[in-house]
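S.K.: Shown below is the structure under consideration.
Where a number appears in this text, it was derived from the coordinates with a stated rule and is not lab data. All figures in this text were calculated on a predicted structure; none of them were measured in a lab. A quick note on method: Cβ atoms are made from the backbone with ideal geometry, for glycine too, and the neighbour counts reach across all protein chains shown.
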Amino acid sequence: MKYICILAFLFIAQPSAFAQIKKYTPADYAKSPVWISMIKDTATNFFEAEKAFKTYFAHHARPTGENEDMGTEAGRKAKHLSRRELKKIEQGNRMRMEVKRYEHWRDRVLTYVQPDGTILTPAQRLQIHQQIKN
């Protein structure tokens, strides 16, 4: 019975006991776009996400503007592109969308950033809004 209790405790406590927040290094920031996952996390430090974004694009080309080949002309050109070229265009479009998502996230949370980099939770934002309203 004693062993059953211990095993039950280990299975119940395991996820919370071993759960850790992923810590990234500046080398991770430069290699892969970890800022994409950082902006999706509500417990992200704003300054770390911004550092990850800037570090990534210090080592990679930042996509600019929209894809210039749009409309029916683009459809005709796409027929003559190789799969590798089409994949590169699609990856560029995805990265362009992620950059836009980051910029929108940054503009949206900038007013809620605390001096230590934490971002107010939605409940805290609502509480501030209600205090201002009253």
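S.K.: At what distance in nm do the modelled label points of ARG94 and THR111 sit from each other, each positioned 7 Å from its Cα along Cα→Cβ?
M.R.: Distance between the two pseudo-spin positions: 3.4 nm.
S.K.: Run the simple label-point estimate for LYS54 and LEU120 please: 7 Å along Cα→C-beta, distance reported in nm.
M.R.: Spacing of the two 7 Å Cα→Cβ label points: 2.5 nm.
S.K.: Further question on the same structure: Which one, THR42, TYR102, ILE89, is farthest towards the positive end of the dipole of region 22-133 when Lys and Arg carry +1 and Asp and Glu -1 on their Cβ?
M.R.: The residue sitting most towards the positive pole is ILE89.
S.K.: Report, in debye and to the nearest 20, how large the dipole of region 22-133 comes out about its Cα centre when Lys and Arg carry +1 and Asp and Glu carry -1 on their Cβ. All intermediate terms of the calculation are to be shown ahead of the outcome.
M.R.: Working: 22 positive and 14 negative charges, 72 e Å.
Rounded to the nearest 20 debye, it is 340 debye.
S.K.: Oh, and also: If I model a spin label at LYS87 and LYS23 as a point 7 Å from the Cα along the Cα→Cβ vector, what separation in nanometres do I get?
M.R.: Between LYS87 and LYS23, the simple spin-label model gives 3.6 nm.
S.K.: Thinking of region 75-134 as a set of Cα atoms, what percent of all their pairs are more than 16 Å apart? Please list the in-between numbers first.
M.R.: Numbers: 1145 of 1770 pairs.
When every Cα pair of region 75-134 is considered, 65 percent fall beyond 16 Å.
S.K.: Roughly speaking, what is the stretch gain from ALA30 to LYS133, that is 0.36 nm per residue apart minus the C-alpha to C-alpha distance, in nm to one decimal? Working shown, then result.
M.R.: Numbers: separation 103, 0.36 × 103 = 37.08 nm, distance 4.36 nm.
Value of the extension gain: 32.7 nm.
S.K.: For the residues PHE46, PHE57, what sequence is obtained by ranking on other C-beta atoms within 10 Å, fewest first?
M.R.: Fewest-to-most Cβ neighbours within 10 Å comes out as PHE57, PHE46.
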